[in-house]
1. For the range 10-60, enumerate the residues that are under 17 Å from the mean Cα position of the chain (by Cα), more than 15 Å from Leu91 (Cα to Cα) and of a type in the set (A, V, I, L, M, F, W, C).
2. Looking at the range 87-122 only, could you name the residues that are open to solvent by 50 Å² or more (accessible area, probe 1.4 Å), farther than 12 Å from Ala29 by Cβ and part of a helix (DSSP H, G or I)?
3. Could you give every pair whose Cβ atoms fall below 6 Å, whose first residue belongs to the range 23-39 and is of a type in the set (Val, Ile, Thr), and whose second residue is assigned to a helix (DSSP H, G or I) and open to solvent by less than 60 Å² (accessible area, probe 1.4 Å), counting only separations of at least 6 or pairs across chains?
4. Restricting the search to the range 141-156, which residues are more than 16 Å from the chain's Cα centre (by Cα) and either in contact (Cβ under 8 Å) with a residue 12 or more places away in the chain or under 16 Å from Gly37 (Cα atoms) (or both)?
5. State yes or no: is Ala109 small (Gly, Ala, Ser), at pLDDT below 95 and closer than 22 Å to Val84 by Cβ?
6. Name the helices (runs of 4 or more DSSP H) wholly inside the range 1-63 in which the number of residues that are open to solvent by 50 Å² or more (accessible area, probe 1.4 Å) is 1 or more.
7. If you scan the range 65-82, which residues turn out to be outside any loop (DSSP other than H, G, I, E, B) and without any contact (Cβ under 8 Å) to a residue 40 or more places away in the chain?
8. Which residues, taken from the range 118-169, are in contact with a helix residue (DSSP H, G or I) (Cβ under 8 Å, 6 or more places away or on another chain) and among the hydroxyl-bearing types (Ser, Thr, Tyr)?
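The values are calculated or read from the model by the stated rules, or taken from the named source; none is laboratory data. As the structure is a computational prediction, the values presented were derived from the model and not from experiment. No Cβ is skipped: glycine too gets one built from the backbone with ideal geometry, and neighbour counts run over all protein chains shown. Quick note on the areas: whole protein, heavy atoms, side chains included, nothing else; ligands and nucleic acids left out. Shrake-Rupley method; radii C 1.70, N 1.55, O 1.52, S 1.80 Å.
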Amino acid sequence: RPSDERNAYTEDELRILFRGWSRLKGDPARYWVPLIGLLSGMRLEEICQLRAKDFVEPSGIACFSIDPAAGALKTLAAERLVPVHNRLFELGLAGYVAGLDPKGRMWPALKPDKYGKRSSAFSKWFGNHKRSAGLQDPKLTFHSLRHTFVNGLKQLEVAETVIAELVGHTNHSITLSRYGKRYNLPLLNKAVQAVNARGY
């Protein structure tokens with residue numbers, strides 16, 4: 001089944017993965033990118049190519065703006081706003097962003113490879129970190145954080161269409177995709193904030 005291609009992290013596995021995480025705070029990309037993945041469901045490349053100005057606050061709700069101007073997106077549906085989980089604010093993300101060059105990247109140390117991807121080296125680091133932490137399951141990857149986010153919303157009985165919009169999946173319903181507009185930000189924000197931050 002498609003749901004078996006990669007595993008979602010269990011709470012115990014997340015505790016192992018993020019054990020002693022504060023030691024990475026001196027390396028902003030390594031510290032923040034996995035936490036954002038866990039609490040937003042964003043794809044790795046979407047997070048790695050964020051610019052400082054993609055941290056936005058429309059209608060008073062802080063969001064990550066997934067914008068094709070920052071880099072190539074997987075689908076048309078990937079262009080979207082994703083509300084920022086409150087736990088990221090508690091950990092100091094807003095202060096970090098405030099100190100950035102407003103015309104620069106959110107993670108200046110992540111450089112594009114020959115294909116223009118900023119996530120390649122990071123993906124290798126994350127795999128090495130996961131294994132060194134003691135998680136050997138090959139079905140546990142960075143993308144598994146996205147599975148964990150989606151599964152968390154599913155278990156909360158959040159509507160599939162809301163989850164799809166948050167993670168940038170295409171809505172195949174003619175009624176909702178052609179005639180329905182995007183969900184309003186307060187509704188999307190409510191779904192994101194419902195995700196259990198599990199103490200990280």
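1. Result: Leu14, Leu17, Met42, Leu44, Ile47, Cys48, Leu50, Ala52, Phe55, Val56.
2. Of everything in the range 87-122, those that are open to solvent by 50 Å² or more (accessible area, probe 1.4 Å), farther than 12 Å from Ala29 by Cβ and part of a helix (DSSP H, G or I) turn out to be Arg87, Phe89, Glu90, Gly95, Ala98.
3. Here the result reads Val33/Ile47; Ile36/Ile47, each pair linking the range 23-39 to a residue that is assigned to a helix (DSSP H, G or I) and open to solvent by less than 60 Å² (accessible area, probe 1.4 Å).
4. Within the range 141-156, the first condition is being more than 16 Å from the chain's Cα centre (by Cα), and the residues that meet it are 154-156.
Hit for the range 141-156 is Leu156, nothing else.
5. It is false that Ala109 is small (Gly, Ala, Ser), at pLDDT below 95 and closer than 22 Å to Val84 by Cβ.
6. So the answer is 11-17, 28-40.
7. Start the filter on the range 65-82 by keeping residues that are outside any loop (DSSP other than H, G, I, E, B), which leaves 65-66, 68-70, 76-78, 80-82.
Within the range 65-82, Ser65, Pro68, Ala69, Ala70 qualify.
8. The answer is Ser119, Ser123, Thr141, Thr148, Thr161.
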